[in-house]
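Quick note: the coordinates plus some simple rules give every number you see, no bench work behind them. These numbers were taken from a predicted model, which means no experiment stands behind them. In this analysis, Cβ positions are derived from the backbone assuming ideal geometry, glycine residues included, and neighbour counts consider all displayed protein chains.
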Amino acid sequence: MIKDDWFTVQFIDENTYAISEYGHWEKVHSFLLLGSKRAILIDTGLGIDNIKRITDQLTTMPIEVITTHVHTDHIGSHAEFARIFVHKGDEDWLINGIKGLTIEQIRKDIRRDITIPTPVTFNPDTYRPFQGKPTGNLNDGDVFDLGNRRLIIYHTPGHSPGHISVFDETNGYLFTGDLLYDETPVYAFYPSTNPADLVKSLERITGIPNVKMVYGSHNTLGLKPVILEEVRNAVEYMRDNDLIKFGTGIITFNGFSVQF
Ligand SMILES: [Zn+2]
Ligand SMILES: [Zn+2]
């Protein structure tokens, strides 16, 4: 297995890797999915270090990047890849910058609470999130055929307008981006988020059949599918108690929480 100063590479199975950044408070995961013909990288991390250094060691196949959503911690190494895809709803942020976030705020967040040495190439004073045109768009229902595995795109807005989740139908892996993870609240409390959409998206992923493992983009790597039952209960609870609106604060459930 690869040893690296910044990234932690973990085996999910022989064709699926998590590339994690545990040295940063956001504990971000990116995922490399190898098919028989091509490879998909779900997100490219914080951009504190170059994730391509890792993916180059894991495959020689052409890599296409699927963006779960356009926030700084998911597009860090996008510039290193020739083919990147994003949902229309977040495309403007990819090209013109993330709305509602100043560069000062981004630099403050990227540099704080780092627990391991950062690469010499990282300078938080000059750090800039990737900006550029995507190769193409991701649409709800799109299928990525990797030869021996099929990925299905679900448009799951709320955390951002163009947020998507990826279901690896062949292996039963559901990659939920920032729609669902454990330990820290899922964010839908700032102006570019939408609590009602987030809850609809949460409800939607509970209807995906044959999910064997849920992979969120932060914190614990891999959640048992029982979390989707908790999500279903949570959606019902939030509706019954009229909680789905800005200002409700943090609502904690069994295994995850949301912040409106
Ligand atoms: Zn995000
Ligand atoms: Zn994130």
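The slack in the chain from residue 14 to residue 236, taken as 0.36 nm per residue of separation less the alpha-carbon distance, amounts to 76.1 nm. For the residue pairs 37/88; 52/133; 37/200; 99/224, alpha carbon separations beyond 28 Å are given by 37/200; 99/224.
Among 217, 30, 77, determine the one that fluctuates most according to a GNM of the chain built with springs between C-alpha atoms less than 10 Å apart. Looking only at 217, 30, 77, the biggest GNM fluctuation is shown by 77. The amide H of residue 138, built 1.01 Å from its N in the peptide plane, has 86, 87, 88 as neighbours under 5 Å, considering only residues 5 or more places off or on other chains. Within the chain, helices built from complete DSSP H runs that reach 20 Å or longer along their own axis (Cα positions) and carry a mean Kyte-Doolittle hydropathy of -1.0 or higher are 226-240.
The phi-based Karplus calculation (6.51 cos²θ - 1.76 cosθ + 1.60; θ = phi - 60°) puts the 3J(HN,Hα) values of the stretch 32-37 at 9, 10, 9, x, 8, 10 Hz, whole numbers, x for Gly and Pro. Under the shape rule built on the C-alpha gyration tensor, where the axes satisfy a ≥ b ≥ c, the stretch 128-245 is oblate, since a/c reaches at least 1.5 while a/b does not exceed b/c. Scaling against 2.2 N^0.38 Å puts the C-alpha radius of gyration of the chain at 0.95. Couplings 3J(HN,Hα) for the stretch 12-29, derived from phi with the Karplus relation 6.51 cos²θ - 1.76 cosθ + 1.60 (θ = phi - 60°), are 9, 8, 5, 10, 9, 10, 9, 10, 10, 10, 6, x, 10, 4, 6, 6, 8, 10 Hz, where x marks Gly and Pro. The Cα center of the stretch 207-259 and the Cα center of the stretch 19-50 differ in position by 23 Å.
Build a GNM of the chain with springs between Cα atoms under 10 Å apart, and of 228, 46, 179 the one that fluctuates most is 228. For the stretch 66-80, the Karplus equation 6.51 cos²θ - 1.76 cosθ + 1.60, evaluated at θ = phi - 60°, returns couplings of 9, 9, 5, 5, 9, 10, 3, 7, 10, 10, x, 10, 4, 5, 7 Hz by residue, with Gly and Pro reported as x. In terms of the mean number of neighbouring beta-carbon atoms within 10 Å, the peptides 113-125, 181-193 order highest first as 181-193, 113-125.
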